[in-house]
Amino acid sequence: MLSIRNVDKIYHSRGKPDVHAVRALDMEVKAGEIVALLGSSGCGKTSTLRMIAGFESVSAGSIALAQRPIHDLPPARRKVAMAFEGYSLYPPLTVRENIAFALKAQQLSRADIAQRVDGIARLVEIEDILDQHPRALSGGQQQRVSLARALVRDADLYLLDEPMGQLEPQLRAVLRGRIKGLLAERGMTAIFVTHDQTEASALADRIAVMEDGVLQQFAGERELKNRPANLFVASFIGEPPMNLLDMAVTPQEGGFRLSAGSDLAFQIPRQTLDAAARQALEQAERIKVGIRPQRIAVGSGEARLRVVSNQWLGDQSHIAGECAGHLLVAVTQGKVAARPGDIVPCTLEAHNLHIFGADGVCVRHAEAR
Ligand SMILES: Nc1ncnc2c1ncn2[C@@H]1O[C@H](COP(=O)(O)OP(=O)(O)OP(=O)(O)O)[C@@H](O)[C@H]1O
Ligand SMILES: [Mg+2]
C-alpha cells in the first residue's frame, strides 16, 4: 500500500555540514495497517513523515501510495493527512474552522462538515473549545485539535507525529483506545511517531525502530522483544533494558564456553547454533551477550549478585547488582528481602542468552517463552 524504496534525506544548509537524516530507508506499510515509528530524538522520524507527506523532498529513492508514485507530487495531491509535531494550527481560525478547513476542499455540505467536526471533536474531547482560537489553548488542547484536523479528513494515509505527547497519562490511554477503534473501524492506514513503547505496543500492528537515520528492525512487539535484530534494538526495546555482558569465548568439545572472570560461565552447545552463530563464536575472543532482566531468577543458583539497589514498584521488584564485573538488573514478581551490600544468589541460564556478533547483529536469540 505504502512503499518506501531506498529513500535518503540529506539536509544541506549553507556554511554547515550536511546532515544525513535518513539513510536507504526501505519499508512497506500494508493497507489498513497501523505502524509506530520509534527511536531516539534526532533519528529521522519527522524527516521520514515529512517526505511521505511532501513537505520535504526525498534526496534519493521513491515513495508510492496505492501503486502511485507520490514523491514528486505536491502535498495536496498525495491524499495524505498529517498531524504535525508542532501542531501548525491556523491562528486566525477558530478550532472548528481549523478542523473543517481541509473538508471545505472536499465539497461536502455544511451539515456534513458540521457533523464530522462534531464527531471527531467528541472523540478527542475538545467539544467545549470549538469556538476558541488556537492562541487561547494549552499545548495539550492544541495537540488534540491538530490530531482532529488530520483524522477528520478522507485520506489514503494518516501520519501522526507524536500525536499524544502533551497529554496526561489517563487521557492518553483513553484516546489511544478510541483512536485505535476509529482507525480499525474505517480501515485507515496510519504511521505514528512516539517515544513511548507502551503506546507503540498498544496502538500499532508493527513497530519500526530507527536509529541514526537507519531502520533497525520493523516487526511486531513480540518479535522485537524475542528476536531483536541487533544490539541497538535489544537494548532499546524492553523495560528495564536488556542486560549486556562482555564475555570471553573458549571453543570446547561440543560447543563454546563463555565466561566473565571466574564468577560466571555458560556452556553453549554447538547444536543450538546456526552457521552464522558458530562463525561469530569461532572468530571472536570476546563477545557481547544479552539477558533480559525478567530472565534472571533471584533467590537461588550459582551466580552471586551484590545488591546495589532494590526497588519495589508495587507489582514487581527491580534489583540491581554487581555480578562478574557487570551491573545487572533482575526483575522479580514478588518482594525480595535484599539490601544494598547484600549478596544474593541468582540463576542465569544459557538458553536465555542473546548472542551478538562483532558487528552487533544478533546471531542467536534466547529461547522464546
Ligand atoms: N530542516 C532541517 N535542516 C537541517 N537539519 C535538519 C532539518 N530538519 C531536521 N534536521 C536534522 O535531521 C536529523 C533528524 O531530524 P528529525 O526531526 O527527523 O528527527 P526526529 O527523529 O523526528 O527527532 P525528535 O524525536 O527529536 O522529534 C536531526 O539531526 C536534525 O537536526
Ligand atoms: Mg520529530
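Residue 70 meets all of the listed conditions (1) aliphatic (A, V, I, L, M); (2) more than 16 Å from ligand 1 (Cβ to nearest atom); (3) in contact (Cβ under 8 Å) with a residue 60 or more places away in the chain but one, namely (3). Among the residues of region 68-77, are any open to solvent by 40 Å² or more (accessible area, probe 1.4 Å), more than 16 Å from ligand 2 (Cβ to nearest atom) and at positive phi? The answer is no, given that none of the residues of region 68-77 is open to solvent by 40 Å² or more (accessible area, probe 1.4 Å), more than 16 Å from ligand 2 (Cβ to nearest atom) and at positive phi.
Please tell me if residue 86 is over 24 Å from residue 220 (Cβ atoms) and within 16 Å of ligand 2 (Cβ to nearest atom). For residue 86, the condition - over 24 Å from residue 220 (Cβ atoms) and within 16 Å of ligand 2 (Cβ to nearest atom) - is met.
Checked against (1) surrounded by 23 or more Cβ atoms within 10 Å (Cβ to Cβ); (2) of a type outside the set (D, E, K, R); (3) free of Cβ contacts under 8 Å to residues at least 12 places away in the same chain, residue 200 passes all but condition (3). Only one entry in 50, 23, 14 is within 16 Å of ligand 1 (Cβ to nearest atom), open to solvent by 30 Å² or more (accessible area, probe 1.4 Å), touching a residue at least 60 places away in the same chain (Cβ under 8 Å) and assigned by TED's automatic domain parsing to the domain that holds residue 162, namely 23.
The values are calculated or read from the model by the stated rules, or taken from the named source; none is laboratory data. Predicted model, so just to flag it, every value in this text is computed and none were measured. Don't worry about glycine lacking a Cβ; one is built from the backbone with ideal geometry, like all the others, and counts go over all protein chains shown. These accessible areas exclude ligands, DNA and RNA; they are computed on the full protein's heavy atoms, side chains included. Shrake-Rupley method; radii C 1.70, N 1.55, O 1.52, S 1.80 Å.
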